[in-house]
Amino acid sequence: MTEPSRFPSDPGVGTSGSRAPGRIHEIASRFALPRPLEVFEFSGKGNINQHSYRVLSGPPGNPSHHLLQLLNPGVFHHPAKVIEAMTLCLESQQRALDRLGDPDLREWEVLKLVPTVQGRPFLEIPGEDGPHCWRMMGYIRDALCWRSLGEIPDRETRLRVAEEAGRGLALFGRLTADLDPDLLRAPLPGYRDTALYYAQLHSVLTGNRTAAEAAPFLPEDADLAADTQHDFIVHLPPGEFERRRADAGIRRLSALAVRHQAFALTLGRGLAAGRLKRTAVHGDTKLENFLFSAATGRVRALVDLDTIMPHTWLSDWGDMVRSLVNVAGERETDPERIRIDTGVFRAAARGFSLQAEPRAAGETALMAAAPAIMALELGVRFLADYVRGDRYFRLRPGDPPDLNRSRALVQFRVFEELRGNAGLLEADTGA
């Protein structure tokens with residue numbers, strides 16, 4: 001893929017695609033949109049919420065465009081929390097836009113949630129695996145996005161996109177600065193809890209197959225333990241589990257993870273000790289969640305607001321940068337091709353510093369380390385999931401059976417590259 005992703009009905013992009021099934025049209029009709037409605041399959045489905053559809057509403061000659069999406073019930077066990085946090089984030093952004101009147105924000109757009117005909121922010125439908133939560137959002141048109149900078153052949157454009165992403169993250173931070181983190185509840189139990197991810201890795205490497213066997217590794221919080229216990233146990237037949245655990249590459253990565261566990265816990269321990277400030281964060285700042293203007297190239301939005309939560313801004317910064325500097329992309333199967341681009345890091349840091357609010361010196365000092373911390377955390381997550389049986393990062397039809405192994409290798413390679421260039425990166429952040 002060499003062209004950026006676009007909304008399929010944008011001018012010059014092609015046809016409207018295949019129509020969605022009738023039941024999806026019926027679900028769309030339960031939202032407060034002008035009639036008539038046309039509902040189509042959406043090609044830009046994400047990794048988590050894969051039931052996504054685009055909706056054209058109103059006069060056929062000039063319809064409005066919307067995105068209908070099912071929050072994955074296998075991932076989001078408390079969908080109301082997701083919508084609540086998303087709503088608070090959107091309201092905070094809009095208030096700030098209205099108040100600031102900053103020229104640097106003139107191209108920024110805030111997503112709009114469409115209520116149901118009953119006025120609720122989402123539609124809840126009973127399902128065999130629990131309530132299914134559907135939401136309808138406005139669609140930001142004439143926007144570009146990329147899964148990785150490797151899709152952009154021109155280096156100058158790559159650096160410009162990286163700088164705009166850094167600028168966009170800083171703008172998002174400014175626009176959500178008045179959002180009280182104490183109002184937010186974690187939408188995913190245990191998300192961004194690095195210590196929890198390590199406990200899961202240790203448990204599955206031990207070979208625990210029941211919650212009782214995994215009890216020594218489970219969190220003390222009873223509700224959190226109940227919500228996450230399936231991630232502490234192995235879901236593979238014994239033979240396949242032993243094959244995966246004995247794999248030389250898996251053993252090397254496991255040893256690497258354990259060796260750097262203290263470093264991986266830097267942000268979590270800083271938050272717990274009060275050295276790092278808790279703020280409202282996006283929680284998933286990989287490149288593909290930034291939208292850029294097709295006309296100007298300027299950043300327009302940070303979307304996919306499923307993981308708005310309290311944490312340190314350094315986790316958002318680190319997650320964005322570890323995504324940007326890996327130009328080969330996260331599905332690269334040859335770890336030897338994974339190299340970080342320090343010029344991309346420099347560009348992102350420059351864009352961020354242009355718009356970011358003043359930060360505490362102790363936090364700024366961690367800007368070079370944060371991307372390595374987040375790459376290591378994600379590597380541990382992929383590694384644990386591969387060993388237990390691909391239960392969280394589920395494979396799609398056509399995916400190779402060792403995809404999560406490859407993903408883990410990529411993230412650990414990015415981690416090693418970032419740590420190997422730590423001195424240079426610190427200079428680029430002024431640390």
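Listed values, structure above:
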read-out	value
Around Glu363: net Lys/Arg minus Asp/Glu count, Cβ-Cβ under 10 Å	+3
For the chain, calculated [θ]222 nm from helices alone, where every DSSP H run of n ≥ 4 adds -39500 (n - 2.57)	-13000 deg cm²/dmol
Likely footprinting exposure, Ser293, Ser57, fewest C-beta neighbours within 10 Å first	Ser293, Ser57
Gained length - Gln94 relative to Glu220, 0.36 nm times residue gap less alpha-carbon distance	41.5 nm
Against the rule of thumb 2.2 N^0.38 Å, how large the Cα Rg of the chain comes out	0.97
Theoretical gain in end-to-end length, Thr157 to Ser43 [0.36 nm per residue, Cα-Cα removed]	38.5 nm
Summed residue charge, Cβ within 12 Å of Gly420's Cβ, Lys/Arg positive, Asp/Glu negative	+1
Packing-based exposure ordering (other Cβ within 10 Å, fewest first) of Tyr386, Tyr198	Tyr198, Tyr386
Stretchable slack from Arg19 to Ala212, in nm (0.36 nm times residue separation minus alpha-carbon distance)	64.7 nm
Compactness of the stretch 137-216 as Cα Rg over 2.2 N^0.38 Å, two decimals	1.74
Of Val344, Pro310, Gly297, farthest towards positive along the dipole that unit charges on Lys, Arg, Asp, Glu beta carbons give the stretch 268-348	Pro310
Alpha-carbon centroid distance for the pair the stretch 373-388 / the stretch 164-213, whole angstrom	13
Unit Cα scatterers, Debye sum, the stretch 179-225: log10 I(q)/I(0) for q = 0.15, 0.17, 0.27 Å⁻¹	-0.46, -0.56, -1.06
Rounded to the nearest 20 debye, dipole of the stretch 251-395 from Cβ charges on Lys, Arg, Asp, Glu	360
For the chain, size of Cβ-based charge dipole, Lys and Arg +1, Asp and Glu -1, in debye	280
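All of the numbers you see were taken from the coordinates with simple rules; none came from a lab. Source: prediction; values computed, not measured. So basically every Cβ, Gly included, is an ideal-geometry build from the backbone, and we count neighbours across all protein chains shown.
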